[in-house]
Each structure stands twice: as structure tokens, then as C-alpha cells.
Amino acid sequence: MVQPEVTKLVAEQTKMNEKTIKQVIALLDEGNTVPFIARYRKEMTGGLDEVQIKAVEDQWNYVTNLMQRKEEVIRLIEEQGKLTDELKRDIESASQLQRVEDLYRPYKQKRRTRATVAKEKGLEPLALMVWEQKQRMDFEKEGEAFLSEEKELVTLEDVEAGVNDILAEWISEDPGYRERVRKQTRDKGTIESSGKKTEEDEKGIFEMYYEYQEPVRSIVSHRILALNRGEKEEVLKVSIHPPEEAILQYLERNVIHRNTVGKMRELLAAAIQDSYKRLIQPSVEREIRNALSEQAEEQAIEVFSSNLRSLLLQPPLKGKVVLGIDPAFRTGCKLAVVDETGKVLDIGVIYPTAPRNDTAGAEKKVLQFLKQYGVELMAIGNGTASRETEQFIADLIQKHDLDAAYMIVNEAGASVYSASKLAREEFPDFQVEERSAVSIARRVQDPLAELVKIDPKSIGVGQYQHDVSQKKLNDSLGFVVETAVNQVGVNVNTASGSLLQYVSGLSKTVANNIVKKREELGKFTKRSELKDIPRLGAKTFEQSIGFL
């Protein structure tokens with residue numbers, strides 16, 4: 001693999017100059033993190049931000065894999081003694097993995113196919129004569145020479161079927177034909193769905209797709225993911241309807257010579273039909289469906305990431321004592337008072353809603369908390385019973401003319417955090433709902449510090465999150481959290497281990513070591529003290545210190 005070639009391809013794909021690409025890759029290879037490069041090596045990258053640096057890294061990995069695959073394919077074909085200069089040039093000039101795989105397809109070691117069986121029966125020379133379309137050839141006469149009871153070629157129909165199988169495979173393996181068929185299917189085909197086991201769709205979630213069709217080229221991401229889910233749950237049958245007539249005409253024009261007539265034309269036309277319907281079309285449909293799903297996944301992950309970034313970077317309301325309220329009907333609204341630093345001062349429960357409707361008792365408890373702890377803000381979760389709880393709090397403020405405000409807080413993921421190992425370690429004596437009330441209160445004071453404790457997928461800011469590649473989703477959301485944390489910076493004397501682990505250069509172990517040291521010795525007073533933390537070496541110190 002030639003590095004200058006990789007650099008050139010990455011530069012073309014990212015629309016950046018080659019010098020910048022080299023600098024970014026060199027910095028990453030030295031062990032520098034993306035946030036560190038974006039913040040402290042601007043002069044070397046021309047001021048690229050985190051997203052641009054990540055794009056360079058991703059494209060570099062793709063092109064490196066592409067180059068490795070090219071080398072492997074060239075070696076495999078060469079070992080078969082079938083590598084020509086032209087084929088080698090075609091493989092080397094390919095800029096997409098799909099093109100490399102198309103070129104390799106005819107040489108791929110495959111399981112036994114119908115064409116393999118026909119070749120084993122010795123029919124390849126006859127198929128080649130038809131393929132070359134020699135005008136004076138009499139197929140029936142030539143075919144008789146291949147009849148053999150031992151090879152199960154008893155009639156001319158048996159010979160014809162075997163020749164057809166070989167021709168069909170040759171047509172299907174031509175990279176030019178496949179590329180054209182793929183393009184025509186993508187440009188002119190429609191994606192169609194029909195109901196399969198509609199009785200299992202009790203809520204009618206997929207009803208609009210029971211009889212549905214749309215051009216492949218214009219279908220939007222969320223509909224692709226919906227169709228995929230409906231198909232996975234066996235509620236829908238989904239397929240791509242290609243412009244079959246136009247494709248067959250194209251193949252006939254390119255495979256059959258203009259002056260080929262009679263039996264030869266008949267044989268080739270039949271082989272084209274068989275090749276397309278049995279071999280090319282199902283394969284191309286899979287490829288297009290996969291490509292559509294991949295694009296849809298990328299867009300869904302992008303939307304998810306963008307929403308998560310907005311949520312994480314909400315401005316904090318610092319310096320306020322907050323009363324967190326996790327609303328509920330039957331089990332009551334759980335209360336948690338936290339001071340300006342997020343420390344829990346008190347917890348409680350009230351029943352202002354049905355079925356108990358104990359508004360008097362609830363008023364007494366809330367007023368007690370407001371007075372005792374000087375609460376300035378009440379944070380109400382937006383889950384079940386949120387509206388009824390909000391009405392109760394609004395009436396309470398008005399009735400007693402209180403100098404306090406309330407706000408509704410997105411509590412997505414609070415229940416996941418409440419039941420997590422981290423929450424149990426933080427509040428071992430609290431019930432799950434009480435931890436949830438604490439989380440709601442803290443989200444107002446410092447959204448970022450609180451939300452990093454929750455698996456990003458559980459925050460609920462994206463659609464179809466279970467239908468996309470979980471690795472890609474985790475990587476993307478992890479990157480969003482990391483960039484958000486490093487953009488804001490972290491107070492090393494107050495941050496939890498779960499927040500510190502996202503700081504540039506710090507691992508989970510080092511983050512927990514910082515917290516442990518802080519608990520043993522008290523606040524850090526100068527940066528150099530961090531050098532004494534176990535596992536925090538010179539490189540880690542360099543990468544992290546500017547964000548602490």
C-alpha cells in the first residue's frame with residue numbers, strides 16, 4: 001500500500017489539501033486525541049474542528065481498507081494465473097469497494113453452481129462457441145458431440161440447459177453489465193411493500209405500507225428504516241421492482257451481435273433472461289437495499305447525534321437550590337432537594353394526583369422544603385402525570401404568592417440511570433424513583449455532567465435507534481459526548497468519574513483514580529498534583545490538562 005496514493009484519495013474525498021491530511025494522520029498516529037488536535041494543534045491542521053478531523057480519520061480508514069482489499073484481490077487473481085494488465089489497471093484505479101468486488105466476482109472461488117456442474121460435464125467449449133457467435137455454427141450438430149449418458153447429457157435439451165447455465169453466469173459476472181443494471185435499478189426502479197402478516201400489526205404501525213410504492217431514488221431515510229423494521233417483524237413483504245424491460249434490452253444490445261440470428265440468438269436471449277432473473281437481479285436488489293439501509297442509518301445516526309449534542313450543551317442553571325419532582329399517579333411524586341453543587345439535602349414523596357388526591361398533605365410537604373432549604377426552582381419531569389403535577393405546583397405558587405419558579409425537564413433516560421450500577425453506588429440507600437428525582441434536579445443545574453451518566457441511546461433523542469448498526473451508533477454518540485465535554489471543559493474538583501472519563505486522554509480507570517485521590521486528599525490546588533495520579537503519565541497529562 002502506497003501512502004501517497006492513500007493521501008491523494010482522502011484529499012479528493014474530503015476536499016482538503018494533501019498536506020493537511022498528512023498532518024492530521026501524523027498527529028493521530030502519535031496518540032493525540034481528536035479534541036486535543038482541534039484545540040491545541042490548529043496551526044498544523046489549518047484550524048480544522050473535531051468533526052472535520054474525524055471525517056479525515058474515517059476516510060483514511062476506508063481508503064486504507066480499500067487499498068488492502070485491492071492488493072488482496074490482485075494477489076488472488078494472480079495466483080489463478082488470470083491477471084491481465086488491463087484488469088490490474090481497472091482494480092488499481094477503483095475508488096469504491098463495490099467496484100473492486102465487481103471486478104473480482106468472476107474470479108471468486110465459489111461454491112458449486114449450475115455453471116460449475118455444466119463445466120464439469122465438458123460443456124464450456126460449446127458455450128464459448130455460442131458466446132463468440134460464430135455465424136456458420138450449427139448448434140444441434142455441434143451439440144450432438146457432447147451427448148453422453150455417463151455425464152447425464154442424454155438429449156440436446158440437456159446440453160442446451162448446461163450451455164445456458166454457463167452463459168448466464170458469464171453475463172452475470174461482467175462488472176460493466178452489473179454496474180449498469182445497478183444504476184438503472186437505482187434510477188428507474190421502485191421500492192414496493194405489501195402486507196404479509198398484518199394480523200400481527202395490532203396497533204397498525206405499518207398500515208401505510210400494506211400497499212406502498214415509491215421510486216428508489218427519492219425514498220427518504222425514515223421510510224427505509226420503517227420498511228426494514230416491518231420486514232424484520234414479518235408484517236411486510238418488501239422488494240425492489242426494477243425497469244426489467246429496459247434492462248433486458250440493454251443486455252441484449254450488448255451481448256448479442258446485430259447479425260446473430262436463429263438458434264444462436266434464441267440461446268443468448270434465453271441466457272440473458274435467466275442470468276438477469278436468477279443471478280443479477282436478486283444480487284443487485286440486495287446490494288441496493290443494503291446501500292439504502294446504510295444511508296438511512298447514517299442519516300438517523302446524524303440526527304440522533306445532533307439532537308444529543310443540543311441536549312448536552314443546554315446552558316446550565318448554576319448556583320440554585322433545586323427541588324426535583326419525578327411525577328407519578330399511584331406511587332406518588334418523588335421529591336429530592338439538591339444544593340448549588342448537586343449534593344442531596346432531602347428526599348420525600350407527595351400524592352397530589354389521583355387516586356389519592358392528597359393536595360393538602362402535598363402542599364404542606366412542598367412548602368416545608370421550599371422554606372427549610374431556600375429552594376428557588378422546582379424541576380418537574382415530563383413523564384406520566386407531569387401535566388397534573390405541573391397544575392398542582394402552578395396553583396401552589398399562585399395560592400401562596402411564592403417567590404419560586406418551576407420548569408418542565410426532559411426526563412428521558414432518568415429511569416435507566418436510576419436503576420444503573422452507577423446510581424446504586426452513588427445512592428445505595430435510595431429507591432429507584434428517588435434517584436430519578438435527584439437526576440431531574442441535577443439536569444437543570446448541569447445537564448452535561450448529569451447526562452453523561454446515561455447510555456446515550458437511552459436518552460431518547462433519535463428514531464429507529466434499535467434498527468441501526470449499534471457499533472456505528474455507539475461510536476457516533478460517544479464522539480458527540482466526548483466533543484461536548486471537551487468543548488465545555490471539566491472542573492477537576494467537582495466532576496464525577498463518569499464525566500472525567502470523556503476528557504481527552506483520560507480512560508475510565510484514570511478518571512476513577514482522580515476521584516479517589518480527590519476524596520483522599522481533598523481539592524487539587526495546582527495542576528502538577530495530577531501527575532501523581534496512578535496511570536496518568538506524561539502523554540495523558542499533555543492530552544487532558546488543557547480541558548481540566
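The values are calculated or read from the model by the stated rules, or taken from the named source; none is laboratory data. Model, not experiment: these values are computed from the prediction. Counting neighbours? That spans all protein chains shown, and the Cβs are built from the backbone with ideal geometry, glycine included.
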*Kindly indicate which of Leu279, Leu308, Leu292 is closer than 21 Å to Met407 by Cβ, in contact (Cβ under 8 Å) with a residue 60 or more places away in the chain and either part of a loop (DSSP other than H, G, I, E, B) or not β-branched (Val, Ile, Thr) (or both).*
Leu308
*Please indicate, with yes or no, whether at least one residue in the stretch 346-356 is touching a helix residue (DSSP H, G or I) at 6+ places or on another chain (Cβ under 7 Å), closer than 20 Å to Val416 by Cα, among the acidic types (Asp, Glu) and at pLDDT 95 or above.*
no
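Results for (1) without any contact (Cβ under 8 Å) to a residue 24 or more places away in the chain; (2) over 37 Å from the mean Cα position of the chain (by Cα), shown as yes or no for each residue.
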{"position": "Gln68", "(1), (2)": "no, no"}
{"position": "Asp102", "(1), (2)": "no, no"}
{"position": "Trp131", "(1), (2)": "no, yes"}
{"position": "Gln135", "(1), (2)": "no, yes"}
{"position": "Gly143", "(1), (2)": "yes, yes"}
{"position": "Glu149", "(1), (2)": "yes, yes"}
{"position": "Leu153", "(1), (2)": "no, yes"}
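Criterion first (over 30 Å from Gln184 (Cα atoms), crowded, with 21+ Cβ neighbours inside 10 Å and of a type outside the set (Asp, Glu)) does Lys334 satisfy it? Don't jump to the end; show me each part of the working.
Values: over 30 Å from Gln184 (Cα atoms): yes; crowded, with 21+ Cβ neighbours inside 10 Å: yes; of a type outside the set (Asp, Glu): yes.
When the stated conditions are applied, Lys334 passes them.
Restricting to the stretch 187-212, name every residue that is among the hydrophobic types (A, V, I, L, M, F, W, C) and without any contact (Cβ under 8 Å) to a residue 40 or more places away in the chain. Before the answer, list the steps.
Start the filter on the stretch 187-212 by keeping residues that are among the hydrophobic types (A, V, I, L, M, F, W, C), which leaves 191, 205-206, 208.
Hits for the stretch 187-212 are Ile205, Phe206, Met208.
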*Somewhere in the stretch 496-511, is a residue surrounded by fewer than 17 Cβ atoms within 10 Å (Cβ to Cβ), out of contact with any strand residue (DSSP E or B) (no Cβ under 6 Å at 6 or more places or on another chain) and either of a type in the set (Val, Ile, Thr) or assigned to a loop (DSSP other than H, G, I, E, B) (or both)?*
yes
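Please count how many residues of the stretch 512-548 are assigned to a helix (DSSP H, G or I), farther than 21 Å from Ile37 by Cα and either touching a His at 6+ places or on another chain (Cβ under 9 Å) or of a type in the set (D, E, K, R) (or both).
At the first step, the residues of the stretch 512-548 found to be assigned to a helix (DSSP H, G or I) are 512-521, 527-532, 538-547.
So of that shortlist, the ones also farther than 21 Å from Ile37 by Cα come out as 512-521, 528-532.
Checking which are either touching a His at 6+ places or on another chain (Cβ under 9 Å) or of a type in the set (D, E, K, R) (or both) leaves us with 516-520, 529, 531-532.
Summing the residues that are assigned to a helix (DSSP H, G or I), farther than 21 Å from Ile37 by Cα and either touching a His at 6+ places or on another chain (Cβ under 9 Å) or of a type in the set (D, E, K, R) (or both) in the stretch 512-548 gives 8.
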*Filtered residues of the stretch 481-494 (kept if part of a loop (DSSP other than H, G, I, E, B) and closer than 14 Å to Ile545 by Cα)*: Gly489, Val490, Asn491, Val492, Asn493
*asked:* Need the failing condition index for Asn164 against (1) assigned by TED's automatic domain parsing to the domain that holds Arg265; (2) outside any helix (DSSP H, G or I); (3) of a type in the set (S, T, N, Q), just the number.
replied: (2)
*Scan the stretch 452-471 and report the pairs whose first residue is within 23 Å of Val409 (Cα to Cα) and whose second residue is polar (S, T, N, Q) and at pLDDT below 85, with Cβ atoms within less than 7 Å and a gap of 6+ or a chain change.*
Lys457/Gln465
